[in-house]
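The values are calculated or read from the model by the stated rules, or taken from the named source; none is laboratory data. Since the structure is predicted, the reported quantities are computational estimates derived from the model, not experimental observations. As a convention, Cβ positions derive from the backbone with ideal geometry for all residues, glycine included, and neighbour counts pool all protein chains shown. Just the protein is used for accessible areas: all its heavy atoms, side chains included, with ligands, DNA and RNA removed. Shrake-Rupley method; radii C 1.70, N 1.55, O 1.52, S 1.80 Å.
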Amino acid sequence: SAPGKTPRAQGYRLSIDKDRVLMEGEDEIGLYYAGTTFFQIMRASYDPTTNRSVAAVDLEDWPDCPRRIVKMFHPGHWAPTWKYKTPATYDDLIEFTDRYVIGLKQTHFIPDFSSSVNFKRVPAMRMDAKFFSLEDLRRFADYCRDHFVEPGASIELGAHANWSYLNFHPQLADKDFPREADLEHPDHWGVATGMI
């Protein structure tokens, strides 16, 4: 941190002029954010077809909130009877992560993988047509961590079970509210915990 200045976690300074680019970070993640901002400025301002230079800047930036969380509902929802013209892919998930999580300097990303993953411990939910494998989720988690994003995953349970396991286990539906799971069904928690 500069003399007389209070260090700000995840903060950085970026200076671009005609002779040099200077990036400084308060910590490792701050330096990473300086590089992220630099490449965003390059993409926004540089145009080789018009010989336009990268914009000159002198900025200091830091987050007000140390934890910034993005929740994404259904990055590819799948049901046995649905047909997709363009199914979701692992590359789609990474492109979204690059643009809206890493590019916006978020620190946590929690996609909802309720019905789009082949869960090995729940045989009825293992289908080749699903979007993501457990190996995809492992690669996704590594990719996030490599870019200073803590990954998570959520699964719809109970009142939202129609978005996840009720497509494959209709016997678990509540008799009065068929779009919800019957939490007292003897097989319910075996299926639900098998997805975790």
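Inspection of segment 16-33 identifies at least one residue that is among the aliphatic types (A, V, I, L, M), under 17 Å from Thr107 (Cβ atoms) and open to solvent by 50 Å² or more (accessible area, probe 1.4 Å). Residues of segment 125-150 that are open to solvent by less than 30 Å² (accessible area, probe 1.4 Å) and not in a helix (DSSP H, G or I): Lys130, Phe131, Phe132, Val149.
What do you reckon, is Glu180 touching a residue at least 40 places away in the same chain (Cβ under 8 Å), surrounded by 13 or more Cβ atoms within 10 Å (Cβ to Cβ), among the acidic types (Asp, Glu) and touching an Asp or Glu at 6+ places or on another chain (Cβ under 9 Å)?
Criteria not met by Glu180.
Scanning for something within 30 Å of Tyr33 (Cβ to Cβ), open to solvent by 70 Å² or more (accessible area, probe 1.4 Å), in contact with a Cys (Cβ under 9 Å, 6 or more places away or on another chain) and touching a residue at least 40 places away in the same chain (Cβ under 8 Å), does segment 151-160 turn up at least one residue? No, the conditions are met nowhere in segment 151-160.
Does segment 11-26 contain any residue that is under 30 Å from the mean Cα position of the chain (by Cα) and modelled with pLDDT under 80? The answer is no, given that none of the residues of segment 11-26 is under 30 Å from the mean Cα position of the chain (by Cα) and modelled with pLDDT under 80. Figure legend. Inter-residue proximity from segment 84-98: first residues touching a residue at least 12 places away in the same chain (Cβ under 8 Å), second residues open to solvent by less than 90 Å² (accessible area, probe 1.4 Å) and not in a loop (DSSP other than H, G, I, E, B), beta-carbon distance below 6 Å, spacing 6+ or different chains. Indicated pairs: Tyr90/Asp136.
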